[in-house]
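The values are calculated or read from the model by the stated rules, or taken from the named source; none is laboratory data. Predicted, not measured: the structure shown is a model, and the values here were computed from it. All Cβ positions, even for glycine, are placed from backbone atoms using ideal geometry, and neighbour counts span all protein chains on display.
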Amino acid sequence: MSAWPADFAARYRASGHWRGQTFGALLTSLAQAHGERTAVVGEGARWSFAELDERAHRLAAGFAALGIEPGERVVVQLPNVPEFLSVVFGLWRAGALPVFALPAHRSSELRHFAGHSAAAAIITVGEHERHDHATMVRAVADEVASVRDVLVVGSPEFDRLAATAPRELPDPDPSGVAFLQLSGGSTGLPKLIPRTHDDYLYSVRESARICGLRTDSVYLAALPVSHNFPLSSPGVLGALHAGAKTVLAPRPDADTVFGLIEAEGVTISGVVPPLAAAWVQAAARTDRDLSSLEVLLVGGAKCGRELAERIGPALGCRLQQVFGMAEGLVCYTRLDDPDELVLSTQGRPISLDDEIRLVNPDDPAASSADVVAPGEVGALLTRGPYTIRGYYNADDHNRTAFTEDGFYRTGDLVRRTATGHLEVVGRAKEQINRGGEKVAAEEVENHLMAHPGVLDAAVVAVPDPYLGERTCAYVVPAEGAAPTAAELRRFVRERGVAAFKVPDLVQVVAEFPVTGVGKTSKRELRAALAAVAEKG
Ligand code: AMP
Ligand code: DBH
C-alpha cells in the first residue's frame with residue numbers, strides 16, 4: 001500500500017494536522033462533551049450523542065462476536081438512515097474498514113467492491129426506493145468467496161447484533177487505513193481509495209471550521225451520505241465533530257427537504273448543481289419557512305455563474321462553492337470571501353500544506369515541474385496531508401494516476417486566481433460528470449461491448465441544460481447485427497449497474513470517424529465524437 005513517505009508524515013504530525021485520534025475515540029469524546037444533545041435525526045428516529053455512542057459500542061462488540069477481525073473490509077450499502085452512523089462507527093471501533101457503496105450501485109459494482117477488497121461481509125437494507133437490496137446483496141455474496149456474512153439493517157439478525165453487550169475493543173492505529181472510499185473512476189471499474197483516521201479527521205475538522213459549524217448548527221444531508229461530499233465536506237462527520245445536529249433527508253427533492261428545513265431549523269446543507277437549481281425554482285412557490293438556512297454548499301460538478309447568482313436571493317442563504325474529490329483535496333470558497341470570488345471560483349484548498357501544481361494540459365504524463373504560466377489553464381496535480389498517494393491494490397494504475405513525486409493527477413483543468421482560488425474550466429479525464437454523478441467512459445464501454453451485437457463502443461459527454469452533461473454511447477454493430485438503442489440501454493441496465501451509468505443516448509453508427517493518421521486511440525476517438533456531439 002502506498003502511504004505517505006516518512007518525512008511528509010512527520011511534517012503533517014508536527015504541524016498538528018494528524019493528531020493520532022481514531023473515529024471511535026472521537027465519538028467517545030463527543031458523547032462526553034454533548035451527551036444528551038441531538039446528534040442525528042432520520043426515519044422517525046432521534047438519537048443523542050450518547051445514544052449513537054452506545055449503539056456504536058454495541059454493534060462493534062456484535063461485529064467482533066460475529067468474527068469480523070480488525071483490518072477486514074466490510075462493504076456498507078446504506079441509504080440516509082441513522083443506522084449508517086451506528087454501523088460505520090461500530091465497524092471503526094471493531095477495527096474493520098467500511099467500503100462505501102452508494103445506494104444506486106447494483107450487483108456488478110458491488111461484486112467489484114467486495115471482490116477487489118476481499119470483503120468479509122456486506123451490510124445493506126431490505127427494500128429501498130423499490131429495489132430489493134437484500135436479495136441483490138445475497139446473490140453477490142454467493143459469488144464472492146471472501147464474503148461470510150450479509151447483514152440487513154432492520155432484520156431480526158441485525159437487531160440481535162445491535163443488542164450485543166458492549167465491551168472495550170482495542171483502538172485501531174490512527175495512522176492506519178480507516179475505510180475505502182470510491183472514486184468516480186475514469187478507467188474501467190471504480191478505484192478504491194484508502195483513507196486513514198489521521199488524514200480524514202484532519203479534513204473533517206478543518207471543513208467544519210471553514211463552513212462555520214457550531215454546536216447550534218443543523219446540517220441537512222440531502223445527498224446519499226456514503227458519498228465523500230455529504231460525508232465529510234463538512235457533511236455528517238463535520239456536523240458530529242462540531243457537536244451539531246444532523247438531519248438525514250430520505251430524498252433530496254424540494255418538497256421533502258423544505259419540510260425538514262422548516263421542522264428542524266436546518267442552517268446548512270450541501271447539494272450538486274442540478275439539485276440547487278431545483279431548490280431555487282421550488283423556493284419561489286413554497287410556503288415553507290426557509291429562514292433558518294444560512295449556508296448552501298454547492299459542488300460535485302461546476303456550478304455555473306448564473307445558477308450561483310440565483311442561490312443567495314432565492315434561498316436566503318450564503319452560497320459556498322466546494323470542489324472536492326474522494327482522493328483527498330477539497331477546496332471551499334470562504335464565508336468571508338468577496339462575492340465575486342464566491343460566484344466565479346470553486347474555492348481554495350483547505351490546507352496551506354495542500355500543494356497545487358497546474359501543469360501542461362496537453363501532456364497526460366506531465367511532471368509536477370512542467371507548470372504553466374500564472375493565470376493559464378493547467379492540469380491540476382495535488383499532494384498534501386489528506387490526499388492519497390495511491391489507490392488500494394492498484395499498482396499498475398497508480399503509476400499513471402500519480403506522479404513520481406507523489407502528486408495525484410486529478411484530471412481536472414483549472415485556472416488559479418492571484419488569491420489562490422481555483423476555477424474549474426474543464427476535464428482531461430475520460431469521465432462524464434452527470435450532475436455530480438461520475439461515469440467512467442471505459443466502464444460503460446466494457447458493458448456495451450459485452451453485447452454480442454456490438455463490435456465497438458465509445459462513450460462521451462454531451463451538454464445538457466439540466467445535468468450539465470449526459471452520456472452518449474456511440475456504437476458500431478457487429479457484422480450482421482442491428483441492436484437498437486432501447487435494447488442496448490436495457491442490456492447495460494440488466495448487467496446490474498447504477499442507473500446513472502446507463503447511457504442517456506445511444507447512437508448506432510456504421511463506423512467511427514478516423515481522426516488522425518493510422519490507428520486511432522480511444523482517447524482521440526472520444527475527443528472526435530465529443531466534438532460531433534457538441535455540435536448537436
Ligand atoms: P471523485 O474523484 O469521484 O471523488 O470526483 C471528484 C471530481 O468531481 C473532481 O475531480 C472534479 O472532476 C469533480 N468536481 C467536484 N466538485 C466540483 C466542482 N465544484 N466543480 C467542478 N468539478 C467538480
Ligand atoms: O465530487 C466529489 O467527489 C466531491 C465534491 C465536493 C467531494 O468528494 C467532496 C466535496 O468532498
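Is there a residue in the range 4-18 that is surrounded by fewer than 22 Cβ atoms within 10 Å (Cβ to Cβ), within 24 Å of N393 (Cα to Cα), among the aromatic types (F, W, Y) and modelled with pLDDT of 95 or more?
Within the range 4-18, one or more residues are surrounded by fewer than 22 Cβ atoms within 10 Å (Cβ to Cβ), within 24 Å of N393 (Cα to Cα), among the aromatic types (F, W, Y) and modelled with pLDDT of 95 or more.
Can you name the residue in the range 463-505 that is among the aromatic types (F, W, Y) and under 14 Å from N433 (Cα atoms) and is also surrounded by the most Cβ atoms within 10 Å (Cβ to Cβ) among such residues?
Taking the range 463-505 as the starting set, the residues that turn out to be among the aromatic types (F, W, Y) are 466, 474, 491, 500.
Add one more test, that the residue is under 14 Å from N433 (Cα atoms), and what stays is 466, 500.
Details: Y466: 10, F500: 18.
Per the stated criteria, the residue is F500.
Filter the range 55-71 down to residues that are closer than 9 Å to L91 by Cβ and in a loop (DSSP other than H, G, I, E, B), then give me how many there are.
So the answer is 1.
Looking at (1) part of a strand (DSSP E or B); (2) of a type outside the set (S, T, Y); (3) within 14 Å of ligand 2 (Cβ to nearest atom); (4) over 28 Å from E442 (Cβ atoms), find the lone condition where L237 falls short.
That leaves (1) as the condition not met.
Scanning for something surrounded by fewer than 19 Cβ atoms within 10 Å (Cβ to Cβ) and touching a Leu at 6+ places or on another chain (Cβ under 7 Å), does the range 21-31 turn up at least one residue?
yes
Against the definition (within 16 Å of ligand 1 (Cβ to nearest atom), crowded, with 23+ Cβ neighbours inside 10 Å and hydroxyl-bearing (S, T, Y)), how does S226 come out, yes or no? Please lay out each step first, then the result.
Numbers: within 16 Å of ligand 1 (Cβ to nearest atom): yes; crowded, with 23+ Cβ neighbours inside 10 Å: yes; hydroxyl-bearing (S, T, Y): yes.
The answer is yes for S226.
Can you say whether A401 is aliphatic (A, V, I, L, M), surrounded by 15 or more Cβ atoms within 10 Å (Cβ to Cβ) and away from ligand 2 (no atom under 14 Å from the Cβ), as far as the supplied structure shows? It would help to see each step written out before you state the result.
Working: aliphatic (A, V, I, L, M): yes; surrounded by 15 or more Cβ atoms within 10 Å (Cβ to Cβ): yes; away from ligand 2 (no atom under 14 Å from the Cβ): yes.
Yes: the conditions hold for A401.
Would you mention how many residues in the range 416-426 are charged (D, E, K, R) and either crowded, with 19+ Cβ neighbours inside 10 Å or in contact with a Phe, Trp or Tyr (Cβ under 7 Å, 6 or more places away or on another chain) (or both)?
Here the count works out to 1.
Could you tell me how many of the residues in the range 204-234 are over 19 Å from G436 (Cβ atoms) and part of a helix (DSSP H, G or I)? It would help to see each step written out before you state the result.
First pass over the range 204-234, keeping only residues over 19 Å from G436 (Cβ atoms): 204-206, 208-210, 212-218.
This time we only want the ones that are part of a helix (DSSP H, G or I), so: 204-206, 208-210.
Residues that pass the stated criteria total 6.
Condition (residue is more than 13 Å from ligand 1 (Cβ to nearest atom) and touching a residue at least 40 places away in the same chain (Cβ under 8 Å)) applied to the range 305-314: is it met by at least one residue? Break it down stepwise before answering.
Applying the first criterion (more than 13 Å from ligand 1 (Cβ to nearest atom)) to the range 305-314 yields 306, 309-314.
When the remaining residues are screened for being touching a residue at least 40 places away in the same chain (Cβ under 8 Å), the result is none.
Among the residues of the range 305-314, not one is more than 13 Å from ligand 1 (Cβ to nearest atom) and touching a residue at least 40 places away in the same chain (Cβ under 8 Å), which makes the answer no.
Within 16 Å of ligand 1 (Cβ to nearest atom) and over 18 Å from G420 (Cα atoms) - does that describe any residue in the range 279-296?
So the first thing to find is which residues in the range 279-296 are within 16 Å of ligand 1 (Cβ to nearest atom), and the list is 295-296.
Pick out the ones that are also over 18 Å from G420 (Cα atoms) and you get 295-296.
Yes, some residue in the range 279-296 is within 16 Å of ligand 1 (Cβ to nearest atom) and over 18 Å from G420 (Cα atoms).
Of the conditions (1) away from ligand 2 (no atom under 16 Å from the Cβ); (2) not in a loop (DSSP other than H, G, I, E, B), R251 clears all except one; give me its number.
(2)
Can you work out which of the residues in the range 14-25 that are in contact (Cβ under 8 Å) with a residue 40 or more places away in the chain and not aromatic (F, W, Y) is nearest to R195 (Cα to Cα)?
Ranking the qualifying residues of the range 14-25, first place goes to T22.
Specify the residue that is nearest to the chain's Cα centre (by Cα); the eligible residues are those in the range 318-336 that are free of Cβ contacts under 8 Å to residues at least 40 places away in the same chain and more than 16 Å from ligand 2 (Cβ to nearest atom). If you could, list the steps in order and put the result at the bottom.
Residues of the range 318-336 free of Cβ contacts under 8 Å to residues at least 40 places away in the same chain: 318-319, 321, 336.
After this cut, where a residue has to be more than 16 Å from ligand 2 (Cβ to nearest atom) as well, the list is 318, 336.
Numbers: R318: 23, D336: 26 Å.
In this case the residue turns out to be R318.
So which residues in the range 433-451 are more than 13 Å from ligand 2 (Cβ to nearest atom) and within 17 Å of the chain's Cα centre (by Cα), if there are any at all? Spell out the reasoning first.
Step one: filter the range 433-451 for residues more than 13 Å from ligand 2 (Cβ to nearest atom), giving 440-451.
Hit for the range 433-451 is A440, nothing else.
Could you tell me how many of the residues in the range 269-308 are among the acidic types (D, E) and either within 16 Å of ligand 2 (Cβ to nearest atom) or surrounded by 15 or more Cβ atoms within 10 Å (Cβ to Cβ) (or both)? Write out each step before concluding.
Restricting attention to the range 269-308, the residues satisfying the condition of being among the acidic types (D, E) are 287, 289, 294, 306.
If we keep only those that are either within 16 Å of ligand 2 (Cβ to nearest atom) or surrounded by 15 or more Cβ atoms within 10 Å (Cβ to Cβ) (or both) as well, we get 294.
So the answer is 1.
Run down L102, L78, L66 and say which single residue is closer than 24 Å to L30 by Cα and among the hydrophobic types (A, V, I, L, M, F, W, C). Outline the logic, then answer.
Values: L102 fails: closer than 24 Å to L30 by Cα; L66 fails: closer than 24 Å to L30 by Cα.
After ruling out the rest, the residue left standing is L78.
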